[in-house]
Every structure is written in structure tokens, then in C-alpha cells.
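The values are calculated or read from the model by the stated rules, or taken from the named source; none is laboratory data. Since the structure is predicted, the reported quantities are computational estimates derived from the model, not experimental observations. Don't worry about glycine lacking a Cβ; one is built from the backbone with ideal geometry, like all the others, and counts go over all protein chains shown. For accessibility, only protein heavy atoms count, side chains too; no ligands or nucleic acids. Shrake-Rupley method; radii C 1.70, N 1.55, O 1.52, S 1.80 Å.
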Amino acid sequence: MGAVAKSTKYLLIEDLCDRFSVGRSTIYRWIREDKNFPDPIVINGRRYFSEHDVMRWEVGKGGPDPDLEGRVQGLKPVSGVITEYDQLVEALRTRRTQIGMSSIELDARSGMQEGYTSKLENFGRPQGRGMGPEVFPLWLGGLKVGIILVDLPRRPRKGKREAEA
């Protein structure tokens, strides 16, 4: 599960049942069968789930929220919800492909050195690179996309049974 911030909230199985309007058996099935469902921590025989991990799983299951408008400030979204760096890289690679632009053309239009787009799109591989504050606006500008942060809609919880670590 990795390092957990002090402010991380934890949910009980009852909270998950309320959140998703399902029974306990469904939650247990998700734990057993869905390899992406967050692992609980067990304290005194009770299972606690990181709210942050549950939220990431929830967003990952649904992709773009169907209740969100088709436009944000008059502009059409070109990707689903992004919560991980790898998803951002994939969304930008997909955008480049959708508009029929080669990586060399993107390098030229954005002002990045030749071959740099390929390194960005191969993040995590030996030839790949991450982006820093200097490269990020160039990459977005070359693809003519921007980033908008939005509050993700969440279902209200009926109970307030949350445990703090």
C-alpha cells in the first residue's frame, strides 16, 4: 500500500456498502476478484480501506463521468479523467495520434529538441524521460491542449463511520 499521509481517512465495509449501494457480499467479491480493488488494512479484525485508494479505483472503473457536461468552459474534453502520470502520458500520446501529428512534428511545433517527444511518451522505459516544469507547457502547447482541474463528483455517504489512522 505504500506510505500513507497522516490525513488519510479510512472507510469501513459499511461505508463502502453505502457509497456504492451494494451489499457486503459484493464488497467481498470485489476484494476477491478485482485485482485493482484497494487492499484493506486489518486492525483488530476489522477491515479499513483508504478513502483515497477507493476514490482512485472508483474513477478508474468509470472513466469519464457521464454526468459531466460535454464541454468545460466552452471547450471539448479530449480525454477521460486522469489520476496517474502514466494516464497523462497516454492521453497526450493518444491526442498526438488523433490529430495525425508525428512525434518529430510535435518536437518542431513545440520547440522541444528533436526526439524528445519519443522520450516523453516512453516514460518508465530505459530510453524514456519524465517532464519537468520547462517541458510541460511545451508539450501541452504543441498539442493545443490544456489541463483543467475539477472536483470529481462523489456519492454522498449516509454514515460518518470513518476511522483516522
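Here Asp53 sits with roughly 40 square angstrom of accessible surface, probe radius 1.4 Å. Taking all protein chains together, Ile27, Ile147, Ile41 sort by accessible area into Ile147, Ile41, Ile27, largest first [probe 1.4 Å]. Tell me the label-point distance for the pair Asn44, Lys61, using the 7 Å Cα-to-Cβ offset, in nm and rounded to one decimal. Spacing of the two 7 Å Cα→Cβ label points: 2.9 nm.
What the Cβ-Cβ distance of Ile31 and Glu90 gives, at R0 = 25 Å and to the nearest 0.05, is a FRET efficiency of 0.35. Sorted largest first by accessible area at a 1.4 angstrom probe radius, with every protein chain in place, the residues Phe136, Phe49, Phe20, Phe123 fall in the order Phe123, Phe136, Phe20, Phe49. Could you compute the net charge surrounding Glu121? Neighbours are other residues with a C-beta less than 9 Å from the C-beta of Glu121; K and R count +1, D and E count -1. That sum, taken over residues with Cβ under 9 Å, equals +2. Amide H contacts of Lys9: Glu51, His52, each under 5 Å away and 5 or more positions distant or on a separate chain (H built 1.01 Å from N in the peptide plane; Pro and chain starts excluded). For segment 128-144, putting each phi into the Karplus relation 6.51 cos²θ - 1.76 cosθ + 1.60 with θ = phi - 60° gives couplings of x, 9, x, 10, x, x, 7, 7, 3, x, 5, 4, 5, x, x, 8, 6 Hz, in residue order, rounded to whole numbers and with x for Gly and Pro.
For Trp30, Trp139, give me the order by solvent-accessible area with a 1.4 Å probe, most accessible first, ignoring ligands, DNA and RNA.
My answer, sorted largest first, is Trp30, Trp139.
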